[in-house]
Structure formats: structure tokens, C-alpha cells
Amino acid sequence: MEKKVFAPSARLAPFVRAFEVVEAHEELTHMLLPEAGVIVGFRYRGFSMLFEGTEALRVPDRVITGLRATVRRMYTSAGGGIVLAKFHEAGAALFFDVPLHELFGATVALDDLVPHAELERAASRMAGAKEHAERIALFEEFLLARCKRRTPDPLVTAAARAILAERGSVRIGELARDLHLSQDALEKRFRREVGASPKQFASIVRLRQAIDLYRSDVSLSRLSLEAGYYDQSHFIREFRAVTGDAPRRFLGAAEFC
């Protein structure tokens, strides 16, 4: 699998963390880790399948993926290619009308959210593009045409930044009080704009931090503390809940991204 990362333009940088072009030269099955933001993709070649339990479900070629609490196993055909927009934590809310918590744990066809003609035009132009940079430019054009002229919820943005700054190690009640909101009000606004509850979002942030810090020569006890977990047992328990496996076995053997 070959992955190339592209920075968004200045106009999209507040909302989109990165664009990625992912191509599989041979057929591949790998694990997809939970992400802290919504992902939108246009497949321009090949196909992919998601495995949900015993079912294999074909992934729509124009797709939006919400936040989720567990890993997914995906098969990609040989020669497959997709261009992805990976949004910042609350970035996607300005481009799609659906409350983002309705996408939690889901992989949905963009056709359910975007007019068919608009999608067809963008998809056909990306498929016909000869270079990755051209695909990214067309993707940006598609997103900019959909961007709503409103200000992101400042309290949700502040809450997400606080969770990221503390690597997920925050008490949501205290965070709500710091923002002069009730915990219920914060959770409702956060779920709508980010796509998960603050607690779920914090768990994803902690997990990604642990995976980024992982090295085979570092003890799990030290890794747990550096990643923001209370202790090693807390880390192992949450890691198993997400991946279904022990940390060293999963991180040492699984093909994941």
C-alpha cells in the first residue's frame, strides 16, 4: 500500500487536517484504527470491502465515515485507489447538514447526503485526473462549494482543543464547568459538531497517542502513563475494547493504518 499526504489549502486548513491518496498495488487486508475526525473519500479505481462480524460489505465509492470506537478490517482490491479528506475534530460540521453523531460508527454513501449531480461531476473529474495534485484540487473545489458561511461553535472548538492538549486525560464535568456549560449541554453540542461524545472523543485521542508512542523496547507501564492512561491495566482494558487484542500482539502483528 502506498500513501501520499497533501496539506490542504489555506481556505480549507481550518477544517481539513490532511488529504491522502491511498493506492494498493496488490490486494490487501488491513485494520483501520479509530480516527478523531470524520473522513470523506472518493474512490477512483478498484473497490474495497469492510468486514463487520461475519459479513463483508462493499464500501461505497463516494463515502463518508463517522467517528467510531473500534477498529475495522478492510479489504482493498489490487490496483485500488482512493482520495481522502481527513477533517479536524469539528471541521466536517460546516460541510454536511446531518448532525454528525448520526454517523457515529457508520460508513455511509455520500449519495445519501449530497445531490447526485454534484457528486457525479466531482467523482468523474477525479477519476479522469492524471495526477494526484489534480485530484486534490478537484476535491477542494467540491468541498469549498459546500462550505457553509457560519462560525464553528466556539465552545465545542475550545472543548476539543482542551481534550487534545491533555491527550484525552480530562474530566468532562470539569471541562464543562470551565466552559460555563452544564455537562449535558456540552455533550449535546459536542456530539452534533464532532460526531462523538466528549468521553468517546477523549478515548480515541488517548488510543492514537499510545499507538504513536509505541515502541517494542518501551514497557507498557511507561507507555500507558505517557499516553495519558491512569495505569497499565487501564490502557490494556481500553485497547482490548477497541481492537479485541492485547497491545503488543496487535501492534506487533497487525497491518493497520
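With open to solvent by less than 40 Å² (accessible area, probe 1.4 Å) and more than 26 Å from Ser48 (Cβ to Cβ) as the only criterion, which of Ala122, Ala129, Ala159 stands out?
Ala159
In segment 46-100, which strands (runs of 3 or more DSSP E) lie fully inside it and hold 3 or more residues that are without any contact (Cβ under 8 Å) to a residue 40 or more places away in the chain and out of contact with any Pro (no Cβ under 7 Å at 6 or more places or on another chain)?
Strands (runs of 3 or more DSSP E) meeting the threshold: 48-52, 55-58.
Could you count how many residues in segment 149-199 are on the phi > 0 side of the Ramachandran plot and at pLDDT 95 or above?
2
Here are the criteria: (1) in contact with a strand residue (DSSP E or B) (Cβ under 8 Å, 6 or more places away or on another chain); (2) exposed (fewer than 14 other Cβ atoms within 10 Å of the Cβ); (3) closer than 25 Å to Leu94 by Cα. Tell me which single one Thr151 does not satisfy.
(1)
Listed here are the residues, each with its yes/no results for (1) under 12 Å from the mean Cα position of the chain (by Cα); (2) surrounded by fewer than 17 Cβ atoms within 10 Å (Cβ to Cβ).
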| site | (1), (2) |
| --- | --- |
| Arg58 | no, yes |
| Val83 | no, no |
| Glu89 | yes, no |
| Val98 | no, yes |
| His101 | no, no |
| Ala106 | yes, yes |
| Ala117 | no, yes |
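Take segment 1-40 and flag every residue that is among the aliphatic types (A, V, I, L, M), touching an Asp or Glu at 6+ places or on another chain (Cβ under 7 Å) and assigned to a strand (DSSP E or B).
The answer is Val5, Met31.
Over 23 Å from Leu103 (Cβ atoms), within 21 Å of the chain's Cα centre (by Cα) and surrounded by 18 or more Cβ atoms within 10 Å (Cβ to Cβ) - does that describe any residue in segment 190-210?
Yes, segment 190-210 contains a residue that is over 23 Å from Leu103 (Cβ atoms), within 21 Å of the chain's Cα centre (by Cα) and surrounded by 18 or more Cβ atoms within 10 Å (Cβ to Cβ).
Got a sec? Which of Thr76, Thr65, Thr54 is open to solvent by 60 Å² or more (accessible area, probe 1.4 Å), of a type in the set (S, T, N, Q) and within 23 Å of Glu255 (Cβ to Cβ)?
Matching residue, one of Thr76, Thr65, Thr54: Thr54.
The values are calculated or read from the model by the stated rules, or taken from the named source; none is laboratory data. If you're wondering where the values come from, they're calculated on a predicted model, not measured in any experiment. We place every Cβ from the backbone using ideal geometry, glycine too, and count neighbours over all the protein chains shown. Just the protein is used for accessible areas: all its heavy atoms, side chains included, with ligands, DNA and RNA removed. Shrake-Rupley method; radii C 1.70, N 1.55, O 1.52, S 1.80 Å.
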